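Report on the following structure.
The values are calculated or read from the model by the stated rules, or taken from the named source; none is laboratory data. Model, not experiment: these values are computed from the prediction. Using ideal geometry, Cβ is built from the backbone for each residue, glycine included, and neighbour counts are taken over all protein chains shown.
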Amino acid sequence: MGINNWTTDKAETGPESKNSDTSTGIENVKTIIADKLDKAAEALSEKATNPDAHYGMAQYGKQASLWLDQSADYVREFDYMQADARIREYVGQRPGRSLLIAGGVGLIIGVVLRRR
């Protein structure tokens with residue numbers, strides 16, 4: 001008696017289309033960020049291989065370029081839906097600890113913003 005088993009097409013397609021729009025937007029942002037990281041890595045690599053560069057600075061440039069390349073790969077492969085699910089699961093299992101962490105992060109951000 002109190003159970004309602006009917007659905008409409010709008011109810012089924014509405015959230016899915018919103019999720020796909022969000023998904024597409026996030027994928028676009030991920031691509032843009034990864035491309036910028038790749039360009040920065042490329043520029044550092046070129047400067048590091050410059051014959052005028054000091055040996056020590058060239059080594060740091062190569063290392064930074066490698067890290068930027070790895071960061072770009074990480075951004076491309078990052079699955080925000082999986083991360084969201086893991087965070088929600090963690091918060092559900094440890095609500096007190098999660099609240100303390102959120103409060104601490106908020107306090108730190110407040111201190112940093114107050115100094116400006």
Checklist entry - Quick one: what pairs do we get from segment 36-49, first residue without any contact (Cβ under 8 Å) to a residue 40 or more places away in the chain, second part of a helix (DSSP H, G or I) and of a type in the set (Phe, Trp, Tyr), C-beta under 7 Å, 6+ apart or different chains? => result none
Item to check | Candidate set: segment 17-64, residues that are in contact with a Gly (Cβ under 8 Å, 6 or more places away or on another chain) and over 22 Å from VAL75 (Cα atoms); chosen: the one modelled with the highest pLDDT | outcome: LYS47
Checklist entry - If you check every pair at least six apart or on different chains, which have Cβ atoms under 7 Å apart with a residue in segment 77-92 that is under 16 Å from THR24 (Cα atoms) first and a residue that is surrounded by 11 or more Cβ atoms within 10 Å (Cβ to Cβ) second? => result PHE78/LYS30; TYR80/ILE26
